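One structure below.
What follows is calculated from the coordinates using simple rules that are stated; it is not laboratory data. What you see is a predicted model, and the numbers here were worked out from it, not measured in a lab. Neighbour counts are summed over all protein chains in view; Cβ atoms, including those assigned to glycine, are modelled from backbone coordinates with ideal geometry.
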Amino acid sequence: MPGFNATLSRMKILVVEDEERVAHFIQKGLKEEGHAVDVSYDGEDGEFLAEVNDYDLILLDLMLPKKNGIAVCRELRASGDATPVLMLTARDSIEDKVRGLDAGADDYLAKPFAFEELLARVRALLRRQSESKSPVLKLLDLELDPISRRVSRTDKAIRLTTKEYALLEYLLRNQGKVLSRTLIGEHVWDMNFDPESNVIDVYVSHLRSKIDKGFEPPLLHTLRGQGYLLSDESPPA
């Protein structure tokens, strides 16, 4: 889709890595690719974040303080969490790979690794995750295809930036629900997003001008003091 350069739509990723230098390196690189990234430095905190937040992918180090990656992955799977997990470790033995995969990891990458290889594996897992979701998101004549990344209304192509696309995808996946600024900020940006910032208002305004201007009925609504709503019905005044 013209105007959208990311290989995949923006995703929310959790990095659980106790080496701060490595964690920050991964976080910086993934953010430059357009993803929202949260970081945790131990197994217990990482597992907690995975349980209370909705992530599209987890990068999980094997050797972690408080609780190792094998135990974290196993407990997430036991709880029914099917979020793709890419296991990271300095160990490269067959036994460790088998342990990680048997615990429920989807892929395995040994350190040290080239960032390009990490990105390739991340893209593969996210693509698999994206393809497992509804192929086309629709609301009346507004359509978003997560595979081709094409957005249109009345079959007219709409050009979106990376963040506008991520915002629209999140709204479409939650259409009919009032989404607070905090929820939008944490999903489309990351958990450190400042809810007092006016960035969300700016992006909502830009998105509204693209998906609603010149079309009927308006779909993107602002509920003062509550948040935003994507719906084909106008909310009560």
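Just a few scattered comments:
- Using Cβ point charges alone (K and R +1, D and E -1), the dipole size of the chain about the Cα centre works out to roughly 840 debye.
- Average Cα contact separation per residue, the range 12-132, under 8 Å, 6 or more apart, as relative contact order %: 22 percent
- Size of the range 62-199: Rg and Dmax of its alpha carbons, in Å, are 18.6, 54.
- Relative contact order for the chain, counting Cα pairs under 8 Å that sit 6 or more residues apart, in percent: 18 percent
- Applying 1/(1 + (r/R0)^6) with R0 = 30 Å to the Cβ-Cβ distance of residue 209 and residue 148 gives a FRET efficiency near 0.85.
- Here the range 87-130 and the range 62-83 have alpha carbon centers that stand 14 Å from each other.
- Debye-sum result for the chain in log10 I(q)/I(0), which assumes one identical scatterer on each alpha carbon, at q = 0.16, 0.18 Å⁻¹: -1.11, -1.31
- Over the range 12-132 - Rg/Rh using Cα atoms and the Kirkwood inverse-distance radius: 0.92
- Reference-scaled alpha-carbon Rg (2.2 N^0.38 Å with N residues) for the range 137-230: 1.02
- Counting other Cβ atoms within 10 Å as a rough exposure proxy, the listed residues 163, 67 run 67, 163 from fewest neighbours to most.
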